[in-house]
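First comes the structure, then the notes that go with it.
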Amino acid sequence: MKELDYSEIEIVNGGIWYNVGRGIVGAASGMSAYSMAGGAAGDLNGCGFFGAGVGGFVGGATGWTGGGFTAGGAAYSLCQYFYD
């Protein structure tokens with residue numbers, strides 16, 4: 001196995017930070033969409049924001065929408081389980 005030099009390490013780190021940034025944007029997008037839709041329906045709660053944030057982060061960071069939906073739904077269900 002070859003040891004990475006400094007420029008190769010920077011390339012790997014840049015890719016990681018790129019995905020983290022995409023995840024943050026995805027989480028913000030998911031939470032804003034939830035706030036608009038939930039506000040219009042008159043049904044907002046903390047677990048919904050949590051699920052939307054987790055789902056948006058996973059979907060944004062990985063580009064896998066189905067994984068984001070699954071992660072968001074699981075996070076919402078876990079929040080409801082421990083919150084109630």
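Quick note: the coordinates plus some simple rules give every number you see, no bench work behind them. Keep in mind the model is a prediction, meaning the values are calculated, not measured. Using ideal geometry, Cβ is built from the backbone for each residue, glycine included, and neighbour counts are taken over all protein chains shown.
Please get the size of the charge dipole for the chain, origin at its Cα centre, with Cβ charges of +1 on Lys and Arg and -1 on Asp and Glu, quoted in debye to the nearest 20.
220
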Original post:
Once both axes come from the Cα atoms, what is the angle between helix 46-62 and the longest principal axis of the chain, in degrees from 0 to 90, rounded to 10?
Top reply: 30
Subject >> Förster radius 25 Å - calculated FRET efficiency between Ile24 and Asn45, Cβ distance, rounded to 0.05 >> reply: 0.65
Original post:
To the nearest 10 degrees, how steeply does helix 6-41 sit against the main Cα axis of the chain, on a 0 to 90 scale?
Top reply: 10
Original post:
When the helix-only estimate is applied to the chain (DSSP H runs of n ≥ 4, each -39,500 (n - 2.57), divided by the residue count), what is the mean residue ellipticity at 222 nm, nearest 500 deg cm²/dmol?
Top reply: -30000 deg cm²/dmol
Original post:
Pick from Gly51, Gly59, Gly42: which is most flexible by mean-square fluctuation in a GNM of the chain where alpha carbon atoms under 10 Å apart are linked?
Top reply: Gly42
Subject >> Cα→Cβ-extended label distance, 7 Å offset, between Leu78 and Trp17, nm >> reply: 2.8
Original post:
Hey, what angle do you get for helix 65-83 against the long axis of the chain, alpha-carbon based, 0 to 90 degrees rounded to 10?
Top reply: 50
Original post:
Counting every Cα pair in the chain, what percent are over 21 Å apart?
Top reply: 41
**OP:** Go through Asn19, Met36, Tyr76 and say which Cα lies farthest out towards the positive end of the charge dipole of the chain; charges sit on Cβ, +1 for Lys and Arg, -1 for Asp and Glu.
**Re:** Met36
**OP:** Find out how many positive minus negative residues lie around Ile9, taking Lys and Arg as positive, Asp and Glu as negative, among other residues whose Cβ is under 14 Å from that of Ile9.
**Re:** -3
